[in-house]
């Protein structure tokens, strides 16, 4: 991770040297062509090395959190804090120095801090068997020193049975299994005390493997239909459509982010300080939402938060189309940017957790990489490309309407797969309702009902 981010930092910071390389050229056409070529090369290198950093960080955070994946938002909120501080700092430094290179200076300093922190971060191991095998010699020696009655064969048999139990129930090393598997937290004397009074049956009972709690009870039968490759995982409709949804939302949000500054500067007349405040304003709501994401996920669920991100994006982008072209409109646009923080944090926080749940344990890191590739790679690239063409030819409002169309499409796909509130479900409900009302009307009018036969005698009419 550190090496990849270092290469990405070198690629993006080298953009500052392009002006020095082309300054000796006298022909403006040749200078522009060389500048565009060098910028394209550095941008590709930055995307190639920089995009994987996000999923690597997310995968590392989820690995550290273990079964507490709903705590992801409280870790991600620090990214919102740094983004808001950095973007505001860049805006004020640019206004103060009138030098665009301030962007690269701030980025380089932030990258150095990230590399130092990431290089000193320890990620837990994923396999219980590996950790247990590391502990096995200590446990064996402890048992032999504390009790002289068990024979080596019995200890070996107990160890093998314990190992089979661990594999049978596939215990997560981050779940509570009676002992903490982290080497920094296990005390040798506690292990010795456990072995001293415990037999094989009491060990199994102590770690509660024969009857684990419901929150970590798993089927002992192996899952033969579990996908082993990313292609097999994508063959599942709910998985492939989820990544398609995230790609469309990546295109929509990045289309707005890429040209929001131009929209504020050219169309609304905002200053550089106001443009720089967009990051701080958006990060303020991101911070709050990411902090309470665990409670929100437990209260409303992952699917509700993803839907909320779609709805708020539609509302915010539609509001941009009706803003007055004045400094007042710029101030209102800054206020609307608060919705962006809520929409992004709801969408990304819930999306990361859902991608982790859709994938088997062997593909969870790959699923995070695919999520980042679809959202920040393919989606962001298509959004920036298509948004630039539409903005240049048809204006900002046409681009915003395109964003609304993409977001509505993404929302419909997500609703079709995960809820019963999609258009197809509404059509089915409307059809059934119409059939029911039609039958009730026909029944009230007596149409289609058989006329009962008269079972009595002959009808006699009284004489006048």
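Read the figures in this text as sums done on the coordinates, not as results from a lab. For clarity, every value in this text was computed on a predicted model and none was experimentally measured. FYI the Cβ positions are ideal-geometry reconstructions off the backbone, even for glycines, and counts take in every protein chain you see.
Could you compute the FRET efficiency for residue 378 and residue 271, with r as their C-beta to C-beta distance and R0 at 30 Å, rounded to 0.05?
Approximately 0.30, to the nearest 0.05.
Compute the distance in nm between two label points, each set 7 Å from the Cα along the Cα-to-Cβ direction, one at residue 322 and one at residue 232.
Rounded to a tenth, the inter-label distance reads 5.2 nm.
Residue 288 to residue 421: FRET efficiency via 1/(1 + (r/R0)^6), r the Cβ-Cβ distance, R0 30 Å, to the nearest 0.05?
It comes to 0.65.
Gain in length, residue 118 to residue 398, computed as 0.36 nm per residue apart minus the alpha-carbon separation, to one decimal in nm?
96.6 nm
Measure off 7 Å from each Cα along the Cα-to-Cβ vector at residue 108 and residue 33, then give the distance between these two points in nanometres to one decimal.
Rounded to a tenth, the inter-label distance reads 3.1 nm.
Take residue 437 and residue 92, extend 7 Å from each Cα along the Cα→Cβ direction, and tell me the distance between the two endpoints in nm.
Between residue 437 and residue 92, the label points sit 6.1 nm apart.
Tell me, in nm to one decimal, what length is gained between residue 386 and residue 82 on full extension, where the rule is 0.36 nm per residue of separation less the Cα-Cα distance?
106.5 nm
Post the alpha-carbon centroid distance, the stretch 251-325 to the stretch 1-23, in whole angstrom.
What the calculation gives is 29 Å, centre to centre.
Where the eigenvalues come from the Cα gyration tensor of the stretch 228-418, what are the semi-axes √(5λ) of the equivalent ellipsoid, largest first, in whole Å?
The three semi-axes for the stretch 228-418 are 30, 18, 14 Å.
Round to the nearest 0.05 the FRET efficiency obtained for residue 20 and residue 413 when R0 = 41 Å and r is the Cβ-Cβ distance.
Working from the Cβ atoms, E equals 0.30.
Full-extension gain between residue 99 and residue 41, please, as 0.36 nm times their residue separation minus the C-alpha to C-alpha distance.
Once the chain is fully extended between residue 99 and residue 41, it gains 18.6 nm.
Relative contact order of the stretch 228-418, please, whole-number percent, based on alpha carbon pairs below 8 angstrom and at least 6 residues apart.
42
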